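The values are calculated or read from the model by the stated rules, or taken from the named source; none is laboratory data. These numbers come from a predicted model, not from an experiment. Glycine also receives a Cβ, built like all others from the backbone with ideal geometry; neighbour counts cover every protein chain displayed.
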């Protein structure tokens, strides 16, 4: 049995039973007076009658479509081919339950008219009854709209002078207006049927308040006159939103009461009807019956609660197992399983969940194994970088020493001196790369040693500025500082911080076009705990794409075209191994600080610039001072 049936079916049945019993008890016991129960019955009967007319309307529409959609009928009606229309419409009419049908051509001529008389005999009307000139039809002929909504109305047929409830619809094929079909059922036929379902007598009123049909008594003229109302009462009921209660009256030695309501089908109010009930309709129950109903209602409520409890347990217990298992897995216990073996939807979900957990457990083992392999590879790579850097340092030192000597010995030969200078510059750049590789290997292996002392940031920045003076002059770049002299002293490794700002300022130089500006701004953030010293390197360069704000701090990250990296390290978009920002981040984090970049985006024409911010905590220095 599926979970849907387990939950829905018992509660639907129990809810229906309890609702029926509850309504019965409330209606019979809580409504304490005769007038209240009578009023409630009038309201219910009025709703039933209104709903019955709506159902009759649906039957009319269905019958009209059966006749109108008979093959060839619409074309014959449009061409006013009476013989074909009669031949096609008659069998279709006889196959429906309606009692009157009128077919009118687009020219406004009555082409076919059929009736079922009181004896159930089929009658073909061959005279013009004026139906095409009625309000029910004339608007269709005037608008000629094939999609116009149905029109409804009450009217007397001139052939047998009976009152009918009519529905009129346009006849259309292929979206064209081909005429009008009017179908009707006599009030004489539908009122008894409505009385059966409404459990009340019914009265239908004409436009002037005259009662034109009723199920009360023999429907003779005397009865109709008794039930007739004034024009004012008719209009009041026609405009009402609910039942309008009339006066009590006597008929055939019995007292009655009635309530009037507008007869509304769709958006059309086609008249007024009334429901009639005898004043002794409701019979009071004895007090012992009240106790019986209360007991029955209470017992049924207890049964619903008990069954509901057990049904809920069938769902909640497995769900709790699923919840506990999922929480255990979320905490890392991949050996947990639900243990649910039911064959409903929850069992399927649990089985799928357990299978997924097994797959996750196996995939986790594979990932852990792969992670160990990657760690080993990364360690091997770090060792290789460290060994290579150390091995390269000795020959580089020799090259730099001999290059310096060669530069001094060739002071009288400009050509040789230029070559010696080139060798020296290249070896210095290689030495910078080797130093960067060593710094990265120390950061990766957590072996970066900080020699902290009390320092001020301004001298550190000035040393870096001095090393880049030739680059500023060559590239026509303006270098400024702001607020550095106001920053307090703090505990840090001056050499390491010098490397941080060396790489940040060099990065700003590389990505700022000639004639731009590089500025270092210092701020003291005292509102935070602990207080922070914030230094920002701001440039007027090409900016950084937002998607790269994190990746630029990774090792060996290269921005732009890699082939340009053969140019000098301070040239515009110049070269580098992609280690500077990674080293800067490692050193800042080793000091317990943070580093990040802010930029409006990448644009080599508008030059939005970049802002690299270094934030260092001052708590340790304050502790030392205390």
Exercise. Filtering the stretch 216-245 down to residues that are in a loop (DSSP other than H, G, I, E, B) and within 54 Å of the chain's Cα centre (by Cα), which residue is nearest to residue 276 (Cα to Cα)?
Worked result: 243
Problem set entry | Verdict on residue 37 being in contact with a helix residue (DSSP H, G or I) (Cβ under 9 Å, 6 or more places away or on another chain), at pLDDT below 80 and buried (at least 16 other Cβ atoms within 10 Å of the Cβ) | yes
For this session: Among the residues of the stretch 171-213, write down those that are touching a strand residue (DSSP E or B) at 6+ places or on another chain (Cβ under 9 Å) and assigned to a loop (DSSP other than H, G, I, E, B).
Result: 199, 200, 206, 207, 209
Seminar exercise, completed: Quick count over the stretch 80-94, residues being closer than 15 Å to residue 178 by Cα and touching a helix residue (DSSP H, G or I) at 6+ places or on another chain (Cβ under 9 Å), is 5
Exercise. Just a yes or no: is a residue in the stretch 333-344 assigned to a helix (DSSP H, G or I), more than 30 Å from residue 446 (Cβ to Cβ) and either free of Cβ contacts under 8 Å to residues at least 24 places away in the same chain or in contact with a helix residue (DSSP H, G or I) (Cβ under 6 Å, 6 or more places away or on another chain) (or both)?
Worked result: no
Problem set entry | Number of the condition not met by residue 148 [criteria: (1) in contact with a helix residue (DSSP H, G or I) (Cβ under 9 Å, 6 or more places away or on another chain); (2) exposed (fewer than 14 other Cβ atoms within 10 Å of the Cβ); (3) more than 17 Å from residue 186 (Cβ to Cβ)] | (2)
Exercise. Going by the structure shown, is residue 153 within 22 Å of residue 194 (Cα to Cα), in contact (Cβ under 8 Å) with a residue 60 or more places away in the chain, under 47 Å from the mean Cα position of the chain (by Cα) and not in a helix (DSSP H, G or I)?
Worked result: yes
For this session: Quick one: which residue in 255, 261 is exposed (fewer than 15 other Cβ atoms within 10 Å of the Cβ) and outside any loop (DSSP other than H, G, I, E, B)?
Result: 255
Seminar exercise, completed: Every listed condition ((1) modelled with pLDDT of 80 or more; (2) in contact with a strand residue (DSSP E or B) (Cβ under 9 Å, 6 or more places away or on another chain)) holds for residue 279 save (1)
Exercise. What residue, among those in the stretch 106-142 that are assigned to a strand (DSSP E or B) and touching a helix residue (DSSP H, G or I) at 6+ places or on another chain (Cβ under 8 Å), is surrounded by the most Cβ atoms within 10 Å (Cβ to Cβ)?
Worked result: 112
For this session: Give 380, 348, 352 a once-over and let me know the one that is surrounded by fewer than 15 Cβ atoms within 10 Å (Cβ to Cβ), at pLDDT 85 or above and not in a loop (DSSP other than H, G, I, E, B).
Result: 352
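One line per residue, one yes/no per condition, for (1) on the phi < 0 side of the Ramachandran plot; (2) modelled with pLDDT under 90:
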| residue | (1), (2) |
| --- | --- |
| 523 | yes, no |
| 529 | yes, yes |
| 543 | no, no |
| 557 | yes, yes |
| 566 | yes, yes |
Exercise. Do we find that residue 82 is at pLDDT below 95, more than 13 Å from residue 167 (Cβ to Cβ) and more than 51 Å from the chain's Cα centre (by Cα) in this structure?
Worked result: yes
